[in-house]
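Working notes for the structure below.
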Amino acid sequence: MGWARPKARQRKLGYGLGKFSVISAGTFTVIAFSTQALAQAGETAPIDSPSNAGPVAAVALLMVMALLLGTILTSNRLKGSSLFNRLFIVVAVTSGFFSALSSAIGFSLITSQESYDLLRNDILPSAFGVFVFFLAVAIWVGGAEFVRHRDWFRGLGSGFISDMLFFVERVIKMFVVIPILGVVLFFVSTWTTVVGIGGADAVRHTYTYEINRLQAECSGITSYRQRDFLFLEDLRLSVSDVTRVARNERLGGAQSGAAGAGAVTDYFVNIAEWYSALGASVEAIIKAPDPSGVDPYDPEICANTVNDLTRLISRNAHDNYDRWAREFETPYNDFASVLNRWRHDRRIERLLDQQLASFDRANPKPVASRLTAGQQVAIDLYADDIKSALKSLIRKQKLAKPPVPIKSAAEVSPARGMEIINEIFSSPEPETEPERKSRTQAIVAAEFVPSLSTISPRDAVLKNANIFSDIWALAISWDYAAYILMFAFLFFPSAERAAGYKD
């Protein structure tokens, strides 16, 4: 059994393959632009509403693929080709077809910009898809023919030595030349296919983590702000105590021993009025509209914000990726800024500090000549008690600290671009025990809730490759399935020819 076949038959079969490549490429070009037109027609519908363009495009694509399949399997152009050879061409053309579609989507995500441009947004992705289709068909359909034909030892005729040399030539083509072309196809097609199929979902995965982080931050900070009501209740009780002391002093001289009107009673009453005004000021701060425009004491604020962000992230990202990303990023960062405002809201603490510092000016003690020694002692003790109570409230307010901010996705894993690949193949650094530090006021003041960890589709599919491994496997399988089938042409040279046409 020889490895060569009649030259006329080789020319006829090669012409058939070339013919189908041209027909398939032309058909794909027409479908690429027709599906782009359907997508543009669907853009007029609301983003959240279903469009009729999808089913129409799907039916059109299936009809085209059925036409290609029928043409390849029944055409006289491939007369003499085996069923395996015809199905090999079907697999190669089909994989190139769908790789081209997904690559066009990935290319549009990679080069996406919010501002519309006909060349960049519509023509370039479709043109790139056509290029990927031509490249895939050239590598697999043309590569199969390249592997099957002799180039180096055509003059040796038939025989065992000639067959072995031809086998070596095929091995070199199969394991050196074709893999080099496959590497080119990987960067051009497989990579953009993965981005096209899983890029938006990989970004959603990262942003879902960010939403959960924001929800946890919101829950912690709103719980921290709820302590304002406990503080207000403590202040009310303290005001009530001071008012009662002043009333007892006026009625029975409980502190100084001198009942009725007088300098001592007036001092006690003035302190009670001042302390009541202080409590009213703190209550006004808590009940007044927050400067952020959002109520930190609303029990539904976290759930409502998370629901709004989840609704934004679930919208169609492929319609206009940059607009989709901006419409999610803007409210996310706005609410993160609100949380930071709530974290660092120290208006009550500053008010108490100021009032403590101005206590003596706001409540001047009576002139000593008008007081007896016992009354002077009573006034001093009472003033010290008021200051001590106020300092205790201030201390309690300062000890109440917001929770430590949760690390964002960018802080947990900051690598982007080529750094992600280096991170995958580099050995992890040994974990060190974090140094424990007391959270002083200065440290708390320097803590902020991180903003959104933005990430691009191309980085997201690399960063989450273990999670989206099925998409990687899918893209690699339909890009390189033809390469596995091509091994039949290496070990079984007659597999391409039908019965009656074998050597």
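The values are calculated or read from the model by the stated rules, or taken from the named source; none is laboratory data. All of these numbers come straight from a predicted model, not from anything done at the bench. All accessible areas refer to the heavy atoms of the entire protein, side chains included, with ligands and DNA or RNA removed. Shrake-Rupley method; radii C 1.70, N 1.55, O 1.52, S 1.80 Å.
Tell me the carbon and sulfur percent of the accessible area for region 106-176, rounded to whole percent, probe radius 1.4 Å.
So the carbon and sulfur contribution to the accessible surface is 72 percent.
Rounded to two decimals, what is the ratio between the C-alpha radius of gyration of region 451-490 and 2.2 N^0.38 Å?
Relative to the 2.2 N^0.38 Å estimate, region 451-490 comes out at 1.74.
Report His205's accessible area, 1.4 Å probe, all protein chains in place, as a number in Å² to the nearest 10.
70
Can you tell me how much longer the chain between Leu67 and Asp298 gets when fully stretched, taken as 0.36 nm per residue apart minus their C-alpha distance, in nm with one decimal?
Extra length from Leu67 to Asp298 when fully extended: 77.0 nm.
Might you work out the accessible area of Val130 for me, using a 1.4 Å probe with all protein chains in place, and round it to the nearest 10 Å²?
Spelled out: Val130, probe radius 1.4 Å, area about 20 Å².
What percentage of the solvent-accessible surface of region 321-399, computed with a 1.4 Å probe over protein heavy atoms, is contributed by carbon and sulfur atoms?
Looking at region 321-399 in its full context, I get 51 percent from C and S.
Set the bar at 24 Å for Cα to Cα. Now go through Lys401/Lys463; Lys287/Lys401; Lys398/Lys437; Lys407/Lys437 and name every pair that lies beyond it.
Long pairs (Cα-Cα over 24 Å): Lys401/Lys463.
What do you reckon, how do Asp228, Asp201 stack up by accessible area (1.4 Å probe), largest on top?
From most exposed to least exposed: Asp201, Asp228.
Among the aspartates and glutamates, which fall within straight-line cross-link reach of Lys173, defined as a Cα-Cα distance under 13 Å, with same-chain neighbours fewer than 8 residues apart omitted?
Qualifying aspartates and glutamates at Cα under 13 Å: Glu145, Asp151.
What aspartates and glutamates does Lys387 reach when the alpha-carbon gap must be under 19 Å and sequence neighbours fewer than 8 apart in one chain are set aside?
By straight Cα distance, Lys387 reaches Glu233, Asp234, Asp241, Glu249, Asp266, Glu273, Glu349, Asp353, Asp360.
Search the structure for amide H atoms under 5 Å from the amide H of Ser81, placed 1.01 Å from N in the peptide plane, and list their residues when 5 or more places away or on another chain.
Ala498
Per residue, how large is the accessible surface of region 449-491? Use a 1.4 angstrom probe and give square angstrom.
The answer is 41 Å² per residue.
Please work out how much length the chain gains when fully extended from Asp334 to Asn422, using 0.36 nm per residue of separation minus the C-alpha to C-alpha distance, in nm with one decimal.
Between Asp334 and Asn422, full extension yields 28.3 nm more.
Can you tell me how much longer the chain between Phe160 and Arg315 gets when fully stretched, taken as 0.36 nm per residue apart minus their C-alpha distance, in nm with one decimal?
Taking 0.36 nm per residue and subtracting the Cα distance, the gain is 49.3 nm.
How much area per residue is accessible in region 111-154 when the probe is 1.4 Å and only protein heavy atoms are counted (Å²)?
48
Kirkwood-based Rg over Rh for region 100-202 (C-alpha set), two decimals?
Result for region 100-202 is an Rg/Rh of 1.22.
Sort Leu339, Leu312 from largest to smallest accessible area, using a 1.4 Å probe on the heavy atoms of the protein chains.
Accessible-area ranking of Leu339, Leu312, largest first: Leu312, Leu339.
Accessible area, 1.4 Å probe, largest first: how do Arg458, Arg343 sort?
Highest to lowest solvent-accessible surface, that is Arg458, Arg343.
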